[in-house]
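K.L.:
Sharing a structure below in structure tokens format, with a few things to ask.
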Amino acid sequence: MTEPTTGDAPRPAYLLMTARITDSEKVAAYSQALEDSGLYAAHGGVTQFAGVPSNAVEGWPAGINAVLARFPSRAAAEAFWFSAKYQQDIKPLRRGAGTFQVAIFDAI
């Protein structure tokens, strides 16, 4: 699948993670390791928000956290997610800490 563009430049992309956390200490260690790694910045990623909704206006399940990160392109988001450093060193830190759903969305 080709990367969508706006003119000549790739469209930004968003990585969305939702989670029902069962072990906050593991998630805290994971989050700190991710921050310390510099991986988001290395791939142009910026966290847009993280945590529980400030106002769950419709249908948001209780106890669900979310993180939204913006990347300059889908390729950059995928390069972050599939990097050996993330997959081998950081992602395993959250194993057993809850249930997680992750998707990458192209900006419109």
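Read-outs throughout are calculated quantities, based only on the coordinates presented, and are distinct from any laboratory measurement. Note that the structure is a prediction, hence the values are computed from the model and not measured. Every residue, glycine among them, receives a Cβ derived from its backbone with ideal geometry; neighbour counts consider all protein chains shown.
K.L.:
Exactly one condition in (1) hydrophobic (A, V, I, L, M, F, W, C); (2) surrounded by 12 or more Cβ atoms within 10 Å (Cβ to Cβ); (3) in contact (Cβ under 8 Å) with a residue 12 or more places away in the chain is not met by Phe49; state its number.
P.N.:
If we test Phe49 against (1) hydrophobic (A, V, I, L, M, F, W, C); (2) surrounded by 12 or more Cβ atoms within 10 Å (Cβ to Cβ); (3) in contact (Cβ under 8 Å) with a residue 12 or more places away in the chain, just (2) comes out false.
K.L.:
Taking the condition out of contact with any Gly (no Cβ under 8 Å at 6 or more places or on another chain), farther than 28 Å from Arg11 by Cβ, surrounded by 16 or more Cβ atoms within 10 Å (Cβ to Cβ) and of a type in the set (Lys, Arg), does Arg94 pass?
P.N.:
yes
K.L.:
Same structure, new question: In the range 32-45, how many residues are within 18 Å of Asn65 (Cβ to Cβ) and surrounded by fewer than 17 Cβ atoms within 10 Å (Cβ to Cβ)?
P.N.:
2
K.L.:
Mind listing just one residue for me: the one in the range 97-108 that is of a type in the set (A, V, I, L, M) and in a strand (DSSP E or B) and, of those, farthest from Pro10 (Cα to Cα)?
P.N.:
Val102
K.L.:
For the range 52-63, how many residues meet the condition of being surrounded by 11 or more Cβ atoms within 10 Å (Cβ to Cβ) and not aromatic (Phe, Trp, Tyr)?
P.N.:
4
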